[in-house]
Amino acid sequence: MRGQILSVVILLLLGISGCRNTGALNANNTEFVLDKSKPSIVLLGRRHIGQNKTEQDYVSCIGEEITDRTQSVNVIPENQFINIMFPFFEKRTSPLNLQQFSQIVKKKAVKQKFEEVNLEYLVWIEGKTRKVDQFGGVSCAIGPGGGGCLGYTSWDEEANYQANIWNVKSLSLADNISTERSGTSYMPAIIVPIPLLANVKETACSDMARQIEQSLTF
Amino acid sequence: MSRKSIFLFIPFLLLFSCARSLTLETQTDIPTPLIESLQLNAAIYYPQVTKTYIYIENSRDRSNWSIAAGDSQIALFNEVMQSMFSSFSVIEKLEDNNREFDVLIVPTLKDMQFALPNETGLGLYEVWLAYELSVQNKQNGSSEMITITGYGSSTEGVFSTDSSGLLEASKAAYRELSAHAIVSLLENSRIQALPVSNALIEQEE
């Protein structure tokens, strides 16, 4: 009986600690509706270089933050934009500079689509959050009488991101901004692991969203 | 060992012998291309290697692998051709080339490679494809060979199987391949140099 109660307590605590991981970086599954009376922007992650690909959840996090901060602009979801613009914004066909971009914009179908969605700015996000160091360790075991974990671990993370904001109408660089964040996350475990996260990526997301919003003029 | 225990082992032996076998048919899933179709009368010819391609491997790590890619390749190139040219036909024989085509395209599969997460060491299923596209200008008889490639990967999940992982990776590879093919063909000087099809002008009139 004691073992069963312990198992239930562990499961509940695991559930609670699991909730600590949810935050701004969760994917937003709500369907995007374009308001044609507002200008639009799109945020795209750079993913053309091997393993150094900008995380999709980071890009969508910035989009959600901008939508929360200002209601006067449509933020077109990245995947939706890439699909409607196929084949010009795929990993290998994306324009790497304004000269290549202007060649794409010259195409009649592309120009029409940009006008249709009222696209004013295209924002390229480049960078990544990396785990740079990890210390300690946590061991978990499970038996007939219940289970649990014991130990302590911590890790350092660094987030480095840059954003290039392209003005679609004037085909020029509107702004070039960057953010750098670092922090240490801890996870003590006495029966249940309790992650105390530094939220490095989330902080870098908020900072980037704030800077992008300040750079946009309509 | 008794006869009864030998019979008990047989199902397990069969189960383990089939553990890494794989039968898969690749699929394509590409969005409608955002391009203006060229006013040209185009044809495509599928060589046998492209039309009926099946990747077969029977090694220690890849026991009884059979990956059929013929139908999906045809579906992919048909979609690319349909979006690129205002008129397009599939020809069954190269000798059938008696109609007034402006351009003939022959896609030949050169290589198709697969990798599993334990092989990549990156927790990824990977698919890589390479084709040679022969682009023939039927107005002046000139031709050119373009190499196009496509790479796709999918992340190994808790419930991933080799089959589901490679299927997703192959969809991504086909998508990249078709994007590469469209952009390459649109920028191709032999296609750009072609005047609007006379046959199509006559049809419009």
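Taken together, the values in this text are just the output of simple stated rules run on the coordinates, not laboratory data. On a predicted model such as this, the values are computed, not experimentally measured, just so you know. A quick note on method: Cβ atoms are made from the backbone with ideal geometry, for glycine too, and the neighbour counts reach across all protein chains shown.
The table below gives the values:
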item	result
Cα→Cβ-extended label distance, 7 Å offset, between A:Ile84 and B:Glu132, nm	4.1 nm
Relative contact order %, the range A:2-215, counting alpha carbon pairs below 8 Å whose residues are six or more apart	22 percent
Anisotropy class of the range A:66-174 from Cα gyration tensor, a/c 1.5 cut	prolate
5 Å binning of all Cα-Cα separations within the range B:23-204, expressed as whole percents from 0 upward	1, 8, 16, 19, 17, 13, 9, 7, 5, 3, 1, 0, 0
Two-decimal Rg to Rh for the range A:2-215 - Kirkwood Rh, Cα set	1.10
Cβ neighbours within 10 Å from other chains - mean over A:105-113	2
Separation between Cα centres of the range B:127-166 and the range A:84-104, rounded to whole Å	19 Å
Zone residues, the range B:122-159, relative to B:Leu94, backbone N less than 19 Å from point 7 Å out along Cα-to-Cβ	B:131-148
The range A:2-215: antiparallel DSSP beta bridges as a percent of all, rounded to 5	85 percent
Distance between modelled label sites at A:Gln99 and A:Thr217, nm, 7 Å Cα→Cβ extension	2.8 nm
